[in-house]
């Protein structure tokens, strides 16, 4: 197992880092020459070069961070609401849970296409509804207007991944002790107070884990953006940027530099999370 | 009175959630049954049932081959991950050695890898092995996605199993393989099943590697084929075909998910240690 993991994870990663220090191109990987930090940052003839000077790269960093911040917050909020509703004893609950699982089971590409169709500027249902309700005066180009594109990506992502959040939180809610709630009811405490004083503190560890997982996953987003808003720097994420350099522009060195930067960003976040979560886990082990 | 009101509110909320979750897929299914100009009218109920789009994707595109490819890739990845994952989980959950915690954390870390970070290295590896544009290359690269997660979940489940039976087996002189096969596997079957299912869905849905490591129609997997479906001209997107293809590949996944709801929920929960 370790050998397999080394072969498919550690080795390619090491090669990527190496490529990022060379001038490799996709057509001829073997001819790569070592160029040091040139792909990251270089100063030549009075001008700066490299990924770190590329405004498109910084744009993609900004896009990714906004995307992560907004969509993970929305997913957490909506996921929590969904989990609480799923916890309540209502008729047809299995049916509701099945409906909630649906977006999760759908391939991301399919959901990207579906939202592309719903948000279509001329024939999309969303524009049609908004027009007939009178909220907008003319059709909006959700997937082409620079101001709206990131919003469209976020909507599609929230739809797709809220179920994941809801299920994790539901699992946490199921483990809560009942006697606290009984006591609270006997004392006649308002349900909202109960939620903020009992439920929320108790599921906090699970909530943090779920948020971190989603955030790390959202940081590397690629497929949704690639399909829903192709080739637009207004929504380009760090992964999309790196792949474009690597494959479309065939510049393996430069693209590898970008992916290495993304890798270290995520590694840093993961390490921080592990260090912060250690005290809570130490209690259990 | 206020109780009744809050009940009503709860039902309303449940209704909204169900609608929001299911509607986009319903609308895609409706669209896939329309043909010609009807595609651009926004009916919420199907007025006629046209199967033209479904016929078209199988007749005009090698969509059947694509589905078979996806199926083989996912099945292969699941079998390899489960086999490797089981033995690794055994070693990790039963032997106490130095750095075990670190190793577990590394494995969890790998599952958070941005795929694009290994893209160029993986590309080189796959070309070197002669697997470029072959589904074998995809199987190999998908291990990076499914393996860490399989090990993690199986180790979590395995730690919950009692040690006594295993110790008795060791006393009777059973080797590690016998122990895994005869002692662990039977109670672990549900866990194996849910992990396998999750790994299958992950492999079925993967896009970045599939897009980069395949070149021709005949080797593509489902997500790539759908993403690259194009119309007669550059400016015409065949929405009917896209929706038909989407529904075709989603229905099996949805059926699986609906049948095995409970197992998926427990697998997901174990996967994140909650």
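Listing for the model above:
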{"read-out": "Ranking of B:72, B:128, A:117 by count of other Cβ atoms within 10 Å, fewest first", "value": "B:128, B:72, A:117"}
{"read-out": "Rounded, prolate or oblate (a/c below 1.5 giving rounded, otherwise prolate when a/b exceeds b/c) for chain B by Cα gyration tensor", "value": "oblate"}
{"read-out": "Calculated Rg and Dmax of the range A:135-181 using C-alpha coordinates, Å", "value": "18.4, 55"}
{"read-out": "Cα gyration tensor category, rounded, prolate or oblate, for the range A:132-285 with a/c compared to 1.5", "value": "oblate"}
{"read-out": "For chain B, calculated [θ]222 nm from helices alone, where every DSSP H run of n ≥ 4 adds -39500 (n - 2.57)", "value": "-23000 deg cm²/dmol"}
{"read-out": "Computed FRET value (nearest 0.05) for residue A:234 with residue A:182, which takes r as the C-beta separation and R₀ as 60 Å", "value": "0.70"}
{"read-out": "Residue among A:110, A:51, A:194 with the largest mean-square fluctuation in a Gaussian network model of chain A, springs linking Cα atoms under 10 Å", "value": "A:194"}
{"read-out": "Modelled FRET efficiency - R0 22 Å, residue B:169 with residue B:101, Cβ distances, 0.05 increments", "value": "0.25"}
{"read-out": "The range A:196-235 - convex hull of the alpha-carbon atoms, volume per residue in Å³", "value": "89 Å³"}
{"read-out": "10 Å-binned pair-distance histogram of the range B:160-239 (Cα, whole percent)", "value": "15, 25, 18, 16, 14, 8, 4, 0"}
{"read-out": "Ranked list, fewest to most other Cβ atoms within 10 Å of each Cβ, for B:220, B:262", "value": "B:262, B:220"}
{"read-out": "Nearest-ten-degree value, helix B:119-128 long axis tilted from longest Cα axis of chain B", "value": "80 degrees"}
{"read-out": "Principal-axis tilt of helix B:185-205 within chain B, Cα atoms, nearest 10 degrees", "value": "40 degrees"}
{"read-out": "Dimensionless Rg ratio for the range A:61-236, taking C-alpha atoms and the 2.2 N^0.38 Å reference", "value": "1.20"}
{"read-out": "Linear extension gain, residue A:249 paired with residue A:267, 0.36 nm per residue minus alpha-carbon span", "value": "3.8 nm"}
{"read-out": "Separation of the residue A:275 and residue A:10 label points, Cα + 7 Å toward Cβ, nm", "value": "2.3 nm"}
{"read-out": "Residue-averaged beta-carbon neighbours from other chains (10 angstrom radius) around B:19-31", "value": "6"}
{"read-out": "Helix B:135-159 vs. chain B, principal-axis angle (Cα, 0 to 90°, nearest 10)", "value": "50 degrees"}
{"read-out": "For chain A, calculated [θ]222 nm from helices alone, where every DSSP H run of n ≥ 4 adds -39500 (n - 2.57)", "value": "-21000 deg cm²/dmol"}
{"read-out": "Extended-chain gain in nm, criterion 0.36 nm per residue less alpha-carbon gap, residue B:178 and residue B:26", "value": "49.8 nm"}
{"read-out": "Among A:241, A:181, A:226: highest mean-square fluctuation, GNM of chain A, C-alpha pairs under 10 Å", "value": "A:181"}
{"read-out": "Three-way shape label, the protein assembly as shown, alpha-carbon gyration tensor, a/c 1.5", "value": "rounded"}
{"read-out": "Backbone N under 15 Å from the residue B:72 label point (7 Å along Cα→Cβ), restricted to the range B:127-157", "value": "B:131-140"}
{"read-out": "Between the range A:156-227 and the range A:36-105, the Cα center-to-center distance that results, in Å", "value": "17 Å"}
{"read-out": "Computed lengthening from residue A:69 to residue A:189, 0.36 nm per intervening residue step minus Cα-Cα distance", "value": "39.8 nm"}
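Bear in mind that the values in this text are calculations on the coordinates, not laboratory data. As the structure is a prediction and not an experimental result, all values here were calculated from the model. Glycine gets a Cβ as well: all are built from the backbone with ideal geometry, and neighbour counts include every protein chain shown.
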